Amino acid sequence: MNVDRGTALSAIATALKFSTCNSESAPKGFMKRVHVSDYGGCLKRNKVDCMSSRSSINEKALQILQDFIEDAEELGCKTIDTKCGATVIDTGIKVPGSIEAGRLIGRISMGGLGAVRIVPTHIEDMTVQAVMVATQEPVIATLGSQLARWRVNYHGFSALGSGPARAKAGIEKDFFEDIDYTDDADTAVLVLETRQYPGDDVLRSIAETCSVSPENLHCVLVPTASVAGSVQIAARIVEIGIYRLYKLGLKPQQIRGGFGVAPFPTQIDDDVSAMGASNDCLVYGGRVHFFIAPREIDILEEIVQKACSSYSKSYGKSFSELYKGAENIFYNMDQQLFSPARISIMDIEAENIYRAGKINVKLVRKALGHV
């Protein structure tokens, strides 16, 4: 549905307040302070973000990671010695990890192009912890970095890989041509969702795939059933929204900015249960807002209806139930479900907002253990 300019600018103000008021969480120079009435025009010119998408996301992520390593003990994490010289950080396999570690992994996985905060959020009578994410480089931060598309399989080691190292790996060439991004840095930063420590042979193979020396490879290990794992999954709320828009045919270059919020579970059991609860929080409790410069052929009102999880034929069932029905194979599941619960899109040319979706309070309660 269309809304007036005042409502549109109110939504922009919400994003602007988040993006500028959090100096501790936002990367340096994340967003210039601009008057809200000028914000739509700035997005049209794509000059709000001080970071250039042509710069290296691996180098930006490495800056965050270096501070992470210095504070590893305080964060409940530890570095692992390797013979090949690669840097490996355990954030939850043999260590407790922490919420703050998960927040930083969220920033690292976005290649330093996103601000990530831990905030309270209200869902009916519940007040719970949530992750809020904002970015003015949404395509590079999410499709070019955070999206977990790399199935890392070497020498008996298996993990799901995400983060800026994907831009170095050369295994998704068509995809990166589509989003028009390359990274020529001599370093690679990779987030691995796993419960295994990679051996030196695995690390050398990853480094070779990324065309870097083992000494310039940096791997963050995070199991699903961990505090850090739960937080960094919630930090993917903007990513799943953008990926759904991309799959619906919206050109990446049309997406100029976005922010979102999703709750995360704190009662962690096994990996399968944690994966179920974390994904239920995203698809039944996650909310996103995007700023779009549409082409003439883009029908945003139609797109937004298809971009939320309630459009899926599997909507209303828990992840665990659907996962079992798919014989425990994620890619056999209905991928349409993996969309935000609620989505709003602002056409920055016409300054109209289109909304769709709903929060499924019952399933969010169950995922968070509030039953």
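Read-outs throughout are calculated quantities, based only on the coordinates presented, and are distinct from any laboratory measurement. Treat the numbers as computed from the prediction; the structure is a model and nothing was measured. Virtual Cβ from ideal backbone geometry, glycine too; neighbours counted across all protein chains shown.
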Just for the stretch 260-277: of the residues that are touching a residue at least 60 places away in the same chain (Cβ under 8 Å) and not small (Gly, Ala, Ser), which one is farthest from ALA130 (Cα to Cα)? ASP271
Yes or no: LEU203 farther than 29 Å from GLU74 by Cβ, in contact with a helix residue (DSSP H, G or I) (Cβ under 9 Å, 6 or more places away or on another chain) and crowded, with 19+ Cβ neighbours inside 10 Å? no
Among the residues of the stretch 237-257, is any in a strand (DSSP E or B), under 16 Å from the mean Cα position of the chain (by Cα), of a type outside the set (D, E, K, R) and more than 16 Å from CYS77 (Cβ to Cβ)? yes
Working only within the stretch 316-346, note down all residues that are under 17 Å from GLY285 (Cα atoms) and aliphatic (A, V, I, L, M). LEU337, ALA341, ILE343
Counting only residues that are in contact (Cβ under 8 Å) with a residue 40 or more places away in the chain and touching a Ser or Thr at 6+ places or on another chain (Cβ under 7 Å), which one in the stretch 171-183 is nearest to GLY258 (Cα to Cα)? TYR181
Quick one: which strands (runs of 3 or more DSSP E) lie wholly within the stretch 88-163 and hold at least 3 residues that are touching a helix residue (DSSP H, G or I) at 6+ places or on another chain (Cβ under 6 Å) and without any contact (Cβ under 8 Å) to a residue 60 or more places away in the chain? none
If you check every pair at least six apart or on different chains, which have Cβ atoms under 8 Å apart with a residue in the stretch 61-79 that is in a loop (DSSP other than H, G, I, E, B) first and a residue that is among the basic types (Lys, Arg) and surrounded by fewer than 21 Cβ atoms within 10 Å (Cβ to Cβ) second? ALA72/LYS78
Out of the residues in the stretch 54-88 meeting the condition of being hydrophobic (A, V, I, L, M, F, W, C) and farther than 24 Å from MET132 by Cα, tell me which one is surrounded by the most Cβ atoms within 10 Å (Cβ to Cβ). ALA86
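So, in the stretch 146-163, how many residues would count as being surrounded by 18 or more Cβ atoms within 10 Å (Cβ to Cβ) and more than 19 Å from the chain's Cα centre (by Cα)?
1
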Unique match (being of a type in the set (Phe, Trp, Tyr), over 19 Å from ALA235 (Cβ atoms) and either touching a residue at least 60 places away in the same chain (Cβ under 8 Å) or surrounded by fewer than 21 Cβ atoms within 10 Å (Cβ to Cβ) (or both)) among TYR331, TYR284: TYR331
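Among residues belonging to the stretch 164-173 that are assigned to a loop (DSSP other than H, G, I, E, B) and small (Gly, Ala, Ser), point out the one that is surrounded by the fewest Cβ atoms within 10 Å (Cβ to Cβ).
Ranking the candidates gives GLY170 first.
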